[in-house]
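Report on the structure given below.
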Amino acid sequence: MTGFRFLTAGESHGPALAAILEGLPAGIPVTAEAITVDLRRRQGGYGRGARQAIERDTAEVLAGVRHGLTIGSPILLLVRNRDWEHWTRVMQVEPLTADDAAALAALEAQGDRRAAPVTRVRPGHADLAGALKYGFDDVRPVLERASARETAARVAAGAVCRFFLAKLGITVRSFTAEMAGVAVDEARCTRSPAEVEASPLRCPDPEAEEAMLARIDEARAAGDTVGGIFEVVAEGVPAGLGSHVHWDRRLDGALAQAIMSIQSVKGVELGLGFEGARLRGSALHDVIERRAADGSWAHRTNRAGGVTGGISNGQPLVVRGAVKPISTLARPLPSADLRTGEPVESAHYERSDIGVVPAAGVIGEAMVLLVLARLVLEKFGGDSLAETRDNLDRYRLRLAGRAAPATVPDAGRGAEEATPDSATADATPGSTGG
């Protein structure tokens, strides 16, 4: 098994967010500047809130990279919070002294909302459930970590995986498929990937985007928020990632968990997803036409989204995430007070976005990249990028019928009868995880 894993740490208004990536091979080109490109993409999109004007996210690479290349040790990434300077007392790590507590109380008395305990829990947010679970009577510790600000660290980690997978011929992109109740029309999706990135909502359908923009403005005027759907597409994914043999090794299960882990995502589809459930089998399943010279198998359609039986089938992976409207409203809903249990006219309000679907797509890319990096390493292994790539290349040759399959001694023969090279010379690359 691979030792690949990642962790994030940090709070929304703390000093910084951090990510640790462990298990990536040596030799992957990595620069902080390139990671920052994805961090800035995450901050974009029409409908984002005032926080994005404060933060100009950049990445710092503090460990695991030397002279622009990974060295096989854990990679430590840091994204600093510029807004921390306004929260140093509220979010300080050290215990509050009597003077500190008095200073906070004075700030609260002066009307500084940052210094006040948060007790009016927001419908749709982690506030109430998190406070009940951890025994808080102030929601601040919950909302700080539950905030989608945490995903900046995920995007930084995903960017490193993007560099790794790109060297293996695997690319991942995303776009806004629906927002504020307006869906794209495939016939009108005329924008190139570069044009999608340059558009206000990262949307391939210009006409649909205009309608989305108008509805976002309507929601802003009403003090409301909107949701939508993003789509992530991964191309160049080899057949054979994941497995059908156990529930926790299925590629579709891993992708679903990864996308569902994104704040505000309430649904996931692969391929046609729920729409496919309404069709007959004859209209849904992808007809397999032939095997090409490079070993790939041509399918007439890709309604399965590139995964069959929990395993990648060589077609592009297509994953969608349904994003609910943000739960922090400029005109808050009625709620209740955490401490008294009594109803209140309006829930807590803290700076918020109107809609985040374009940004959620970038986060979705990061999560797909992280899943694919893990499964590629499980199947092909490798302590260096060159070794992983060599293993993958030889696997592709075998699929194309241009390399001999792995051989093992016959069950009825003794070990002394087997030639020394019979079990190793033509062994399938990456057999440790595949």
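The values are calculated or read from the model by the stated rules, or taken from the named source; none is laboratory data. This one's a predicted model, so the numbers in the text were calculated from it and none came from an experiment. Neighbour counts are summed over all protein chains in view; Cβ atoms, including those assigned to glycine, are modelled from backbone coordinates with ideal geometry.
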*Single unsatisfied condition, ILE54 versus (1) out of contact with any strand residue (DSSP E or B) (no Cβ under 6 Å at 6 or more places or on another chain); (2) modelled with pLDDT under 95; (3) surrounded by 15 or more Cβ atoms within 10 Å (Cβ to Cβ)*: (3)
*Considering only residues of the stretch 234-264 that are closer than 25 Å to LEU399 by Cβ and among the β-branched types (Val, Ile, Thr), which is nearest to the chain's Cα centre (by Cα)?*
VAL237
*Considering each residue of the stretch 195-240, count those that are under 20 Å from SER327 (Cβ atoms), small (Gly, Ala, Ser) and part of a strand (DSSP E or B), and give that number.*
1
*asked:* If I filter the stretch 241-275 down to residues being outside any strand (DSSP E or B) and of a type in the set (Asp, Glu), which single residue comes out as farthest from LYS379 (Cα to Cα)?
replied: GLU275
*With respect to PHE163, is the statement that it is touching a helix residue (DSSP H, G or I) at 6+ places or on another chain (Cβ under 6 Å) and not in a loop (DSSP other than H, G, I, E, B) true?*
no
*Across the stretch 329-352, what is the number of residues that are in contact with a Gly (Cβ under 9 Å, 6 or more places away or on another chain), surrounded by fewer than 21 Cβ atoms within 10 Å (Cβ to Cβ) and more than 21 Å from VAL155 (Cβ to Cβ)?*
4
*Qualifying residue in the stretch 353-362 (condition: in contact with a Leu (Cβ under 6 Å, 6 or more places away or on another chain) and either crowded, with 19+ Cβ neighbours inside 10 Å or in a helix (DSSP H, G or I) (or both))*: yes
_Exactly one of these conditions fails for GLY271: (1) farther than 30 Å from ARG149 by Cα; (2) buried (at least 18 other Cβ atoms within 10 Å of the Cβ); (3) out of contact with any His (no Cβ under 6 Å at 6 or more places or on another chain); (4) not β-branched (Val, Ile, Thr). Give me its number._
(1)
